[in-house]
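Student: One structure, as structure tokens, below. Some questions next.
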Amino acid sequence: MKYLVSTLALIVLGAAIFGFVCYRLSCDSALHAAAEKGDAWHWLRQDFHLTDQQFAAIQVVHQAYAGSCVEHCRLIQEATKVRDALTAKTSSPGPRAAAELAVKELRSVCEQALTVHVQKVAALMAAEDGRRYLALMLPKIAAFDHATAPDLQMNHTH
Amino acid sequence: MTIPPDSLTERLRAWRVSPPADSAFRPQVWARLRRSAHDTWADYLRPHAVVWLFTAIAACGIAAYTGRTAAVIRARMDREVLVSTYLVALDPRVQAGLLSIQP
């Protein structure tokens with residue numbers, strides 16, 4: 001009986017060690033380190049196998065996009081303020097609906113601009129990496145479910 | 001009408017079993033107990049080798065699959081966090097404080 005228990009314990013221990021080794025070997029440590037640091041640029045470079053030239057070109061595209069991002073952000077904030085002010089002051093639904101529509105339209109414009117931007121970035125990557133990048137980004141942009149990211153600073157603006 | 005006596009019943013009633021006593025039985029049992037007390041792990045494993053080998057292979061297979069699956073899930077979660085971090089920095093809707101899609 002004691003040998004049965006010992007043998008079973010030995011096998012369980014050996015399997016646990018083997019499973020842990022498989023886990024460690026299958027882990028993407030660079031990806032995990034980037035996630036822990038919140039270093040999206042490092043991840044982008046590693047995960048999509050960017051060369052120095054590709055990385056530099058993507059940074060240029062990002063810089064160019066940053067300007068329109070600031071402008072879109074400002075427009076949305078203004079439209080939101082107008083809508084909120086109307087909601088507080090006016091009881092008639094007409095102006096409130098128009099203000100709400102303006103916010104929606106601006107949001108749609110932003111979504112399109114961001115979609116075009118990530119498509120430009122994808123075009124700078126190798127074909128397969130670009131496809132993978134778009135497959136990760138486009139659904140999130142459309143669903144807008146990255147707004148609750150763990151490190152999101154709610155009051156941050158450009 | 002009288003019922004004839006059942007010869008089988010009579011025979012069974014008269015049947016007596018008297019096996020010869022095995023004088024070696026008791027020493028043999030003790031000898032076996034003493035032997036098993038000195039068995040090594042190898043002595044135990046030898047007759048059960050196939051069963052234990054199969055068990056070990058199955059356990060390692062399950063452990064390897066579990067380990068790999070855990071690593072894949074962790075990578076997926078890490079990537080999810082990074083994509084969100086990346087998009088948060090790019091999306092004017094987030095920067096402007098729109099936190100959900102309104103109908």
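Student: Give me a count of the residues in the stretch A:1-46 that are farther than 30 Å from B:LEU33 by Cβ, in a helix (DSSP H, G or I) and not hydrophobic (A, V, I, L, M, F, W, C).
Tutor: So the count comes out to 12.
Student: Can you tell me which residue among B:ALA96, B:ALA75, B:ALA89 is at pLDDT 90 or above, surrounded by 13 or more Cβ atoms within 10 Å (Cβ to Cβ) and under 30 Å from A:CYS69 (Cα atoms)?
Tutor: B:ALA75
Student: Collect the residues in the stretch B:62-95 that are within 23 Å of A:SER26 (Cα to Cα) and among the polar types (S, T, N, Q), keeping them in residue-number order.
Tutor: First, pick out the residues of the stretch B:62-95 that are within 23 Å of A:SER26 (Cα to Cα): B:62-83.
Residues satisfying the conditions are B:THR66, B:THR69.
Student: Test each condition in (1) surrounded by 12 or more Cβ atoms within 10 Å (Cβ to Cβ); (2) part of a helix (DSSP H, G or I); (3) at pLDDT below 85 for B:THR55 and report the one that comes out false.
Tutor: (3)
Student: In a helix (DSSP H, G or I), outside the structural domain of A:LEU106 (by TED's automatic domain parsing) and of a type in the set (Phe, Trp, Tyr): is that true of A:PHE55 in this structure? Break it down into steps so the answer makes sense when it comes.
Tutor: Details: in a helix (DSSP H, G or I): yes; outside the structural domain of A:LEU106 (by TED's automatic domain parsing): no; of a type in the set (Phe, Trp, Tyr): yes.
No.
Student: For the stretch A:97-140, name all the residues that are of a type in the set (Lys, Arg), buried (at least 18 other Cβ atoms within 10 Å of the Cβ) and away from chain B (no Cβ under 12 Å). Let's see the steps before the verdict.
Tutor: Narrowing the stretch A:97-140 to residues of a type in the set (Lys, Arg): A:104, A:107, A:120, A:131-132, A:140.
Those still in the list that are buried (at least 18 other Cβ atoms within 10 Å of the Cβ) too: A:107, A:140.
Residues satisfying the conditions do not exist here.
Student: Would you mind stating whether A:THR80 is at pLDDT below 90, assigned to a helix (DSSP H, G or I) and within 11 Å of chain B (Cβ to nearest Cβ)? First the steps, then the outcome.
Tutor: On the way: at pLDDT below 90: yes; assigned to a helix (DSSP H, G or I): yes; within 11 Å of chain B (Cβ to nearest Cβ): yes.
It is true that A:THR80 is at pLDDT below 90, assigned to a helix (DSSP H, G or I) and within 11 Å of chain B (Cβ to nearest Cβ).
Student: Among the candidates B:ARG26, B:ARG79, B:ARG32, single out the residue that is within 8 Å of chain A (Cβ to nearest Cβ), in a helix (DSSP H, G or I) and among the basic types (Lys, Arg).
Tutor: The unique qualifying residue is B:ARG79.
Student: A:ALA30 passes all but one of (1) surrounded by 15 or more Cβ atoms within 10 Å (Cβ to Cβ); (2) without any contact (Cβ under 8 Å) to a residue 40 or more places away in the chain; (3) in contact with a helix residue (DSSP H, G or I) (Cβ under 7 Å, 6 or more places away or on another chain); (4) of a type outside the set (S, T, N, Q); which number fails?
Tutor: (1)
Student: Can you give me the number of residues within the stretch A:34-74 that are in contact with a Pro (Cβ under 9 Å, 6 or more places away or on another chain), closer than 19 Å to A:VAL116 by Cα, surrounded by fewer than 18 Cβ atoms within 10 Å (Cβ to Cβ) and of a type outside the set (Ser, Thr, Tyr)? Before the answer, list the steps.
Tutor: Initially, the stretch A:34-74 is screened for residues in contact with a Pro (Cβ under 9 Å, 6 or more places away or on another chain), giving A:38, A:68-74.
Keeping just the survivors that are closer than 19 Å to A:VAL116 by Cα gives A:68-73.
Next cut, surrounded by fewer than 18 Cβ atoms within 10 Å (Cβ to Cβ) only: A:68, A:70-71.
Subsequent filtering for residues that are of a type outside the set (Ser, Thr, Tyr) retains A:70-71.
Residues meeting the conditions: 2.
Student: Look at A:THR80 and say whether it is surrounded by 14 or more Cβ atoms within 10 Å (Cβ to Cβ), over 23 Å from A:VAL121 (Cβ atoms) and in contact with a helix residue (DSSP H, G or I) (Cβ under 7 Å, 6 or more places away or on another chain).
Tutor: Taking the combined requirement at face value, the residue satisfies it.
The values are calculated or read from the model by the stated rules, or taken from the named source; none is laboratory data. The model shown is predicted, which means the values in this text are computed figures rather than measured ones. Cβ sites come from the backbone with ideal geometry, for glycine too, and all protein chains shown count toward neighbours.
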